[in-house]
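Report on the structure given below.
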Amino acid sequence: MAVSDLNPLHDLLDKKLLKECVHCGLCLDYCPTYRVIGHEADSPRGRIYQIRQVYEGKVSAEDPDFREHIYACLDCRACQTACPSGVQYGAIIEAARAVAEPINPSEKTVGRAILGSVFTRPRLLDAAGVGLRVYQRSGMQQLLRKSHALELLPKRLREMESMLAPAQGGIRRHPAPHVTPARGTVRYRLGFIEGCIMPQLFADTNAATVRVLATNGCVVYSPPTQGCCGALQMHTGDRPTAQDLARRNIDAFDGLGLDAIIINAAGCGSTLKEYGHLLADDPRYAERAVAFAQKVKDVSEFLASIELVEPTRPVPMRVTYQDACHLVHGQGIRNQPRQILRQIPGLELVEMQDSDVCCGSAGIYNLTHPDISTRLLEQKMDHLLATGATGVVAPNPGCTMQLAYGARRRGLKLDFFHIVDLLDRSYQ
Ligand code: SF4
Ligand code: SF4
């Protein structure tokens with residue numbers, strides 16, 4: 001049997017996708033890792049070339065060099081936006097990661113163990129969330145940080161602790177109601193995906209999302225059987241876990257007769273929209289996955305597509321907007337968040353240079369590749385400061401946490417928001 005017949009990449013990737021790359025190099029300047037590392041093997045073109053070598057059986061997926069370059073990618077998809085040939089880089093890199101193990105031990109342990117166990121078990125995730133909020137609210141975090149006791153922790157754990165964003169809400173988690181009625185006439189029936197990180201750390205933003213939708217005449221369903229979308233597992237190459245999570249979400253929203261399924265986290269939205277592709281080989285779920293994915297909309301995408309109830313209360317503030325990679329490059333959503341922000345009276349939106357360049361968060365990239373991540377974050381903070389904004393709007397929890405971490409590193413006092421936080425303020 002030929003080597004290629006045993007090649008698992010053949011089951012996950014159509015060679016046509018690899019052939020679409022004509023090696024023009026027009027994507028190179030847009031690639032953050034190429035800009036930082038300056039090495040062809042860490043560019044989109046270089047990575048596609050290496051994946052093709054593995055596809056053709058010329059290089060093993062276990063090759064350490066291959067694994068290193070594949071996992072040094074942010075999966076930010078800036079190359080996908082820049083590519084004139086329409087190369088679907090996201091599909092290519094995620095297929096490659098599904099056949100290649102991370103080379104970095106922390107990526108293996110964090111990615112495959114924590115994401116595959118805690119994030120797949122809602123009760124365990126809730127318990128971790130409560131522990132985190134008690135740690136922050138009880139003053140223990142402040143005490144440990146001041147006493148320098150955290151310096152006794154291993155470096156990686158210390159880094160993880162320093163990146164923790166202050167959790168919104170109280171100690172107890174208040175999930176979205178199973179059904180929230182529309183205010184006034186019912187215009188739409190929507191599903192709401194709460195997510196995994198969002199209800200634990202950004203509970204106020206989730207509550208604001210539901211209120212904003214209800215204000216716009218939407219009945220909002222949030223079934224309790226839903227769970228993590230599988231995005232982080234996909235990015236770390238754990239495709240089977242991502243598939244299980246996708247099936248659970250499809251079952252949870254089944255039969256509700258929804259007009260759309262809303263998500264307020266860009267990274268999750270990008271993966272939810274790919275469920276059709278993720279479950280294409282599952283005869284029981286393939287069709288339902290396509291139907292589910294077609295209904296998924298980022299909250300800003302949905303709100304910009306309807307006649308928005310006019311926000312009237314002024315929110316006097318100068319803010320800048322960070323494009324989340326998985327919104328702008330993964331889903332092609334660039335104008336809609338700005339369109340909504342510009343409708344809020346009193347709010348001044350100042351554009352930031354390179355707002356669509358990755359901030360270095362990229363799932364758990366800031367934990368697995370802290371050096372590259374920090375260099376990207378520092379560039380981002382320079383651009384952010386140049387705007388003179390006192391508030392930062394980001395449509396993804398990972399970006400918000402990363403930018404808040406960047407502000408703490410520089411001792412800056414900045415406020416962080418999601419688009420719906422500000423719209424909700426203007427509605428109240
Ligand atoms: S990915 Fe697109 S832009 Fe980059 S080298 Fe290939 S064809 Fe050119
Ligand atoms: S996804 Fe981002 S980091 Fe990866 S090759 Fe494309 S532009 Fe570079």
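Read-outs throughout are calculated quantities, based only on the coordinates presented, and are distinct from any laboratory measurement. Owing to the predicted nature of the structure, the values given are computational and were not obtained by experimental measurement. All Cβ positions, even for glycine, are placed from backbone atoms using ideal geometry, and neighbour counts span all protein chains on display.
Of the trypsin sites (Lys or Arg not before Pro) in region 191-284, the ones in a loop by DSSP (not H, G, I, E or B) with at most 11 other beta carbons within 10 Å are Arg284.
Listed as lacking a disulfide-compatible partner in the chain: Cys21, Cys24, Cys31, Cys73, Cys83, Cys218, Cys359, Cys399, by the criterion of no other cysteine Cβ under 4.7 Å.
Our summary gives region 322-380 a relative contact order of 31 percent, counting only alpha carbon pairs under 8 angstrom and 6 or more residues apart. Pairwise inverse Cα distances across region 3-103, averaged and inverted, put the Kirkwood hydrodynamic radius at 13.4 Å.
The value of relative contact order for region 162-287, using C-alpha pairs under 8 Å at least six residues apart, is 28 percent. The length gained by stretching the chain between Ala91 and His23 to full extension, at 0.36 nm per residue less their Cα-Cα distance, is 22.7 nm.
For region 30-134, GluC sites (Glu not before Pro) meeting the loop criterion (DSSP other than H, G, I, E, B) and having at most 15 other Cβ atoms within 10 Å: Glu56, Glu62.
List the aspartates and glutamates whose Cα lies under 17 Å from the Cα of Lys413, skipping any in the same chain that are fewer than 8 positions away. Straight-distance partners of Lys413: Glu378, Asp382. Converting phi to 3J(HN,Hα) with the Karplus coefficients 6.51, -1.76 and 1.60 and the offset θ = phi - 60°, region 196-212 yields 10, 6, 4, x, 7, 10, 10, 5, 5, 5, 4, 5, 5, 4, 5, 4, 4 Hz in sequence order, with x at every glycine or proline.
Based on Cα contacts under 8 Å between residues 6+ apart, the chain shows a relative contact order of 15 percent. Over the C-alpha trace of region 314-411, radius of gyration and Dmax come out as 13.2, 42 angstrom. Our note on the geometry: Cα centres of region 205-271 and region 19-55, 32 Å apart. Compared with the alpha-carbon gap, the fully stretched path from Arg121 to Gln343 is longer by 76.0 nm at 0.36 nm per residue.
Taking a straight line from the alpha carbon of Lys146, these aspartates and glutamates sit under 17 Å away, with near neighbours fewer than eight places off in the same chain left out: Glu159, Glu161. Remark: region 350-363, residue by residue, has Karplus-estimated 3J(HN,Hα) of 10, 6, 9, 4, 6, 4, 9, 9, 4, 7, x, 6, 6, x Hz, where x stands for each Gly or Pro and the curve is 6.51 cos²θ - 1.76 cosθ + 1.60 at θ = phi - 60°.
Residues whose amide H comes within less than 5 Å of that of Phe416, counting only those at least five positions distant or on another chain, are Val392 (H built at 1.01 Å from N in the peptide plane). For region 252-333, the list of GluC sites (Glu not before Pro) that fall in a loop by DSSP and count at most 13 other C-beta atoms within 10 angstrom reads Glu307.
Our summary of shape: the Cα atoms of region 179-304 have principal axis extents of 43, 30, 26 Å, ordered from largest down, in whole angstrom.
Given their separation in residues at 0.36 nm each and the Cα-Cα distance between them, Glu40 and Val179 gain 44.9 nm when the chain is fully extended. Oblate is the label for region 106-163, because the ratio a/c of its alpha-carbon gyration tensor axes (a ≥ b ≥ c) is 1.5 or higher and a/b is not greater than b/c.
Counting only lysines at least 8 places from Lys16 when in the same chain, those with an alpha carbon closer than 29 Å to its own are Lys58, Lys273, Lys295, Lys297. Taking one quarter of the surface of the convex hull spanned by the alpha-carbon atoms of the chain gives a direction-averaged projected area of 20.7 nm².
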